[in-house]
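S.K.: One structure, pasted below without further comment.
The values are calculated or read from the model by the stated rules, or taken from the named source; none is laboratory data. The structure displayed is predicted, hence computed values, not measured ones. Here the Cβ positions follow ideal geometry from the backbone for every residue, glycine too, while neighbour counts run over all protein chains shown.
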Ligand code: GFB
């Protein structure tokens with residue numbers, strides 16, 4: 001991507017989109033096409049086509065999506081499949097019609113089969129049943145990957161699909177009902193310390209394992225791949241190691257200096273037992289994650305205390 005290129009970041013106010021914008025600016029890019037959800041409803045095909053025809057961006061990061069944690073996915077399956085299919089279909093097709101040079105589509109590690117062999121290799125996609133709590137979201141995301149591959153094949157486009165592991169960091173969603181586990185536990189432990197609550201409730205059994213990638217590292221990886229990788233094969237992006245939810249809770253408890261108890265709410269789902277990514281492909285391409293989990297958690301706690 002030339003520094004003078006015009007870059008559209010769809011979803012630039014979200015966790016991933018805001019990190020990509022921060023990283024691009026830090027790397028000297030300065031021409032951006034940005035529209036908030038209030039300025040442009042990405043589920044309306046004619047509005048998206050109009051934007052792309054008028055603005056003609058050179059590159060697109062498709063980071064706009066309806067996302068959420070296990071409880072949100074389990075509660076709003078229709079919204080997750082409808083909104084994500086609409087957004088991605090409109091942007092991918094409009095990118096093709098307006099001659100976008102290259103597009104980066106964001107998949108997710110949660111769209112691999114529930115019981116994929118660990119660590120999960122890119123070949124495992126569609127190799128088994130999906131995790132029921134987020135199957136509608138996963139089907140939508142898989143459709144997005146297949147659409148990029150189909151356009152590459154028929155129209156010779158250069159649309160790459162990346163598969164990030166669980167993400168966290170600045171500008172995350174900290175709403176306790178719709179968020180992912182890491183931001184939820186940061187908020188829960190901070191509020192418990194402030195209120196001198198005797199315990200913090202963690203959902204499920206604490207046994208599932210999750211891999212956590214600091215979102216600024218993901219942003220660097222997406223920009224790295226846009227500049228160094230072309231092809232229809234998906235690329236995993238992760239740190240290559242995971243922790244149990246109990247271990248994560250104890251790390252956050254220590255960093256927040258909370259002294260109370262951790263109790264488990266087994267009425268809440270555990271979801272996929274483990275989804276550790278095999279990151280050898282992106283490592284071989286020349287990229288590795290650099291923010292250790294405890295450092296990323298510290299930065300996120302600091303940001304939360306200053307901004308929430
Ligand atoms: O992060 P999370 O909501 O999503 O849950 P997934 C991860 C694990 O943390 C589950 C447990 O076993 C949860 O039961 N957990 C414990 C909690 N306490 C909490 C809490 O207070 N809040 C939340 N949210 N979880 C998502 C997919 O699965 O992965 C999405 O549903 C998305 O589609 C995301 O792709 C990356 O990692 O289980």
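S.K.: Right, residue 171: more than 10 Å from the ligand (Cβ to nearest atom) and at pLDDT below 95 or not? Working first, answer last.
M.R.: Working: more than 10 Å from the ligand (Cβ to nearest atom): yes; at pLDDT below 95: yes.
Taking the combined requirement at face value, the residue satisfies it.
S.K.: Restricting attention to the stretch 243-276, and to residues there that are without any contact (Cβ under 8 Å) to a residue 24 or more places away in the chain and within 12 Å of the ligand (Cβ to nearest atom), which single residue is surrounded by the most Cβ atoms within 10 Å (Cβ to Cβ)?
M.R.: For the stretch 243-276, the residue satisfying everything is 247.
S.K.: Go through the stretch 78-109 residue by residue and tally those that are more than 16 Å from the ligand (Cβ to nearest atom) and assigned to a loop (DSSP other than H, G, I, E, B). Full working, then the answer.
M.R.: Narrowing the stretch 78-109 to residues more than 16 Å from the ligand (Cβ to nearest atom): 86, 89-104.
Imposing the further condition that a residue be assigned to a loop (DSSP other than H, G, I, E, B) reduces the set to 98-101.
Going through the stretch 78-109 one residue at a time, the tally reaches 4.
S.K.: When the stretch 23-46 is examined, which residues are found to be part of a helix (DSSP H, G or I) and buried (at least 16 other Cβ atoms within 10 Å of the Cβ)? Steps first, please.
M.R.: So in the stretch 23-46, the residues part of a helix (DSSP H, G or I) come out as 23-26, 45-46.
The answer is 23, 24.
S.K.: A further question on this structure: Pairs under 6 Å by beta carbon, first residue in contact (Cβ under 8 Å) with a residue 60 or more places away in the chain and within 19 Å of residue 273 (Cα to Cα) in the stretch 119-143, partner part of a loop (DSSP other than H, G, I, E, B) and within 11 Å of the ligand (Cβ to nearest atom), six or more apart or different chains?
M.R.: Between residues of the stretch 119-143 that are in contact (Cβ under 8 Å) with a residue 60 or more places away in the chain and within 19 Å of residue 273 (Cα to Cα) and residues that are part of a loop (DSSP other than H, G, I, E, B) and within 11 Å of the ligand (Cβ to nearest atom), the close pairs are 120/112; 131/114; 131/271; 131/272; 133/269; 133/271.
S.K.: Regarding residue 235, is this residue in contact with a helix residue (DSSP H, G or I) (Cβ under 7 Å, 6 or more places away or on another chain) and either under 18 Å from residue 187 (Cα atoms) or exposed (fewer than 15 other Cβ atoms within 10 Å of the Cβ) (or both)?
M.R.: Numbers: in contact with a helix residue (DSSP H, G or I) (Cβ under 7 Å, 6 or more places away or on another chain): yes; either under 18 Å from residue 187 (Cα atoms) or exposed (fewer than 15 other Cβ atoms within 10 Å of the Cβ) (or both): no.
The answer is no for residue 235.
S.K.: Among the residues that make up the stretch 177-193, is at least one of them within 30 Å of residue 101 (Cα to Cα) and more than 11 Å from the ligand (Cβ to nearest atom)?
M.R.: The initial filter retains those residues of the stretch 177-193 that are within 30 Å of residue 101 (Cα to Cα), namely none.
Taking every residue of the stretch 177-193 in turn, none turns out to be within 30 Å of residue 101 (Cα to Cα) and more than 11 Å from the ligand (Cβ to nearest atom).
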